Amino acid sequence: MTTVTSTPAAKPVPATKSAAVPAPAPAASGAALSSPQSSAAVDTPRVKPAYREHSFVRLMFGEGASTVGDQIWYVALSWAAVRSGGPASAGAIMTASAIPRMLLLLFAGPLADRFDARRLMIGSDAARAVLMLGAAALAVLHPGIGMLVGVSLLLGAIDALFLPAAGSVRPRLLETEQLPQAAALRELTLRGALVAGAPLGGLLVATGGLGWACALNSLSFAASMVAVYKIRPRPLAVDAGAEGTAARTPYLTSLRDGLSALVRNRVVSALLLVGLLTNLGFVGPMNVGLALLSDQRGWGAAGIGMLLAAFGIGAAAGSVVLLRWRVTRRIGAVVAVAVLAQAGALAAMALLPTLPLATAAAALVGVSGAVVGVSCGALGQARTPDELRGRISSVQTLLSLGVVPLAVAGTGVLAAAIGTVPALLASAGIEVLAAVPCLLVGALRGARLGGAA
């Protein structure tokens, strides 16, 4: 089933950049939020909106289509697993795809930096399309637990190859000034795909069974493959000699060099810490805490639905606002304010006694989360060198996905030990910690889009 993260995790961003990065600029003062007109007039020549970049739009279509297909598959998989082996089997099967993805993600990063990332994406989409088509046939001929586990394991392994490659290609379709708007558009696209995919999966399972769900997921990957085939990312900003040297660098040396460069990059490493702490504080309450809170206060399943819907609407509204008002200066300070607002909203959601008030707090969680995700994503993309995109994207995705089971399990255990409300307040406290690197790391606190690292 769908896991709620601060940014959509279906195509992480893991839910994330350069040849497009301009020469270092001096630190700027003034408002952190600037409209496209004022920003363009002061900082850079006017650039066209991200939604007019055809390659970026094609990539968003591909990611949206495959995310819808993924949600259909997860709904169908969970239902088939419950029907075949009961709740315990369902949990084991749903975890199966995460195991190879988590184990292989870090090691897939150097591949995206050493080879043509676009071709890796096309190959991954083709492999997933064939795999899901085969799963559709097996679902009709030989359904069972073994088939579900095998398909889940293979799908997770292929995902591990696709995700760093996508993280490497995406910013090379845009100019630096387009990154905030692009991040907001991606947030909207993936939120919409998540919302549409789950009910569609339920409808397909009810009417056609697992086979139809697998077949439609196969078509979604085929659509993604066609879209990715037509994109044209800028070439990597390295000369021929450097490119040849990179190709001859031993694989493990390349992996070590990427991790070392990440540690030395103050802004990007601080952003990864912010994302880790934010997700640790956010994921548990939104996936387990809402159910516990609704049950404890008698709001029932309808209460969970209202809270999740409010969060989704808030995240979408925040993304829409950020299409117009871009965070371009003092980005770390802006993110710190948004993180503290999200922590306060989480605490309010736990403490407010009525469902309407808690729903309003959940909407604020979504709005502030959009500011955090879009701002951190755009800055991280702008400050990542071309030759490191795959490796850094793999680390970011690993942290984003890896924190989910830890945060969910931790919230459940803590709620059982000290109660639901104290557990949610503790999660809000973890979110508060995410504001610390934003304020203490000077390079992040005063960062501007396109500024020096």
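The numbers here are math on the coordinates, done by the rules we state, and not lab data. Note that the coordinates shown come from a computational prediction; the quantities given were computed from them, not determined experimentally. Virtual Cβ from ideal backbone geometry, glycine too; neighbours counted across all protein chains shown.
For the reader, a short list of remarks on this structure follows.
- Rounded if a/c under 1.5, otherwise prolate or oblate - the stretch 388-453, Cα gyration tensor axes: oblate
- Extension gain, residue 357 back to residue 219 (0.36 nm per residue minus Cα-Cα distance, nm): 45.5 nm
- Extending 7 Å from the Cα toward the beta-carbon at both residue 107 and residue 266 defines two label points whose distance is 3.6 nm.
- Kirkwood Rh and Cα Rg combined as Rg/Rh, the stretch 117-215: 1.06
- Potential extension, residue 83-residue 47 segment - 0.36 nm per residue separation minus Cα distance: 7.6 nm
- The stretch 376-424: radius of gyration over Cα atoms, expressed as a fraction of 2.2 N^0.38 Å: 1.70
- Full-extension gain in nm, residue 440 to residue 149, via 0.36 nm per residue minus C-alpha separation: 100.2 nm
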